[in-house]
Amino acid sequence: MYYAGRMNSFIFKGRTVFDAIASYRKMDGITHLEFNYPEHIEGYDIEEIRKAMGPLKVNGFAVRWRNLWKNGDFTNPDPGLRREAIDMAKKAADICRSLGGSVITLWLENDGFDYSFQMDYKEAWDQILEAMREVADYAPDMKFSIEYKPFEERNFALMDSAGMTLLMVTAIDRPNVGVTFDFCHMLMKRDNPSYGLALAASSGKLFGLHMNDGYSHQDSGLIFGSIHHAQSLEFVYYLKKYDYQGVVFFDTFPIREEAEPETQANIDAFKKYLAIVEDIGIDKIGEIVSRRDGISAHKLALSMLR
């Protein structure tokens with residue numbers, strides 16, 4: 001597996017992008033970097049970033065539409081802002097490619113609604129569809145990955161679930177468009193994380209992972225595996241079952257913790273879960289799953305407490 005940490009874990013504590021990169025280079029297990037665009041790129045010299053990376057590689061950029069786009073990203077009622085949102089995704093792809101990255105993550109944070117009668121849902125759906133096709137066709141060598149979240153920043157997101165997001169990906173019908181699953185977002189929706197994962201991974205549409213944990217009612221961003229032990233193990237099982245070869249990105253929020261040990265705790269937890277799954281074996285776990293028996297499943301989960 002390949003691993004990446006969150007830049008803002010360092011930046012929100014008053015440090016810079018270069019400070020974060022330097023810390024990740026010293027960390028046991030980090031192989032890749034993930035940047036938010038434009039916030040982690042604008043104002044920095046690309047060649048200086050490349051030099052600072054050393055042996056680390058760039059996995060991708062996550063586009064962040066802020067401030068001006070509070071009424072919508074790809075569904076903004078202002079045609080000019082909508083065009084800017086699309087062009088921003090294209091520019092992110094160009095810069096990401098120049099750094100050796102290949103995945104553009106699109107969390108459509110403002111594409112949603114707060115009130116009944118506020119939105120023409122079919123029109124908004126078509127706007128996202130058209131925008132995604134445009135950016136995908138602009139950079140066919142890059143992967144564009146939709147990350148869903150059920151709410152926040154809006155009370156209702158248009159891309160609010162694994163099912164809705166996979167439906168959109170199917171409608172877009174481009175080989176370079178897929179999904180990124182955030183474990184905590186899936187819990188917020190009351191989705192079982194492994195269900196969506198299995199459907200996306202088995203169809204070749206799992207382009208990214210944001211691993212974390214939480215108590216379901218908000219985007220807690222806690223250390224992976226700290227709350228949902230069985231569901232975390234099941235998630236890792238399906239990653240192994242479908243031979244996920246992408247990067248595992250830890251999207252966690254060390255507010256009171258220091259960024260370095262918190263990131264390392266994520267890596268260590270994921271590696272521990274991976275070792276447990278590999279020790280029991282995909283075939284053995286699969287045999288128990290095939291029984292569709294709750295008692296056998298429970299005994300398996302208990303046997304994984306090590």
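A few notes on this one:
- In region 259-282, the residues that are farther than 17 Å from Leu233 by Cβ and in contact (Cβ under 8 Å) with a residue 60 or more places away in the chain: Ala259, Glu260, Glu262, Thr263, Gln264
- For region 199-216, a residue qualifies if it is in a strand (DSSP E or B) and within 13 Å of Phe250 (Cβ to Cβ), and the qualifying residues are Gly208, Leu209, His210, Met211, Asp213.
- Per this entry, Ser23 is not counted among residues that are touching a Lys or Arg at 6+ places or on another chain (Cβ under 9 Å), surrounded by fewer than 17 Cβ atoms within 10 Å (Cβ to Cβ) and among the polar types (S, T, N, Q).
- Looking at Ala136, Ala124, just one residue is among the small types (Gly, Ala, Ser), in a helix (DSSP H, G or I) and under 18 Å from Arg174 (Cβ atoms), and that residue is Ala136.
- Cross-chain or 6+ apart pairs with Cβ under 7 Å, region 237-255 first and closer than 12 Å to Phe270 by Cα and buried (at least 24 other Cβ atoms within 10 Å of the Cβ), then modelled with pLDDT of 95 or more and of a type in the set (Asp, Glu): Phe249/Glu34
- Pairs where the first residue, in region 177-192, is in contact (Cβ under 8 Å) with a residue 60 or more places away in the chain and under 18 Å from Glu109 (Cβ atoms) and the second is among the acidic types (Asp, Glu) and assigned to a helix (DSSP H, G or I), C-beta under 7 Å, 6+ apart: none
- Unmet requirement for Arg66, which otherwise passes all of (1) basic (Lys, Arg); (2) more than 29 Å from Asp243 (Cβ to Cβ); (3) at pLDDT 95 or above: (3)
- Counted as qualifying within region 219-306 are the helices (runs of 4 or more DSSP H) with 1 or more residues that are charged (D, E, K, R), modelled with pLDDT of 95 or more and under 25 Å from Gly101 (Cα atoms), namely 229-241, 259-280.
The values are calculated or read from the model by the stated rules, or taken from the named source; none is laboratory data. None of the values given here were measured: they were computed from a predicted structure. As a convention, Cβ positions derive from the backbone with ideal geometry for all residues, glycine included, and neighbour counts pool all protein chains shown.
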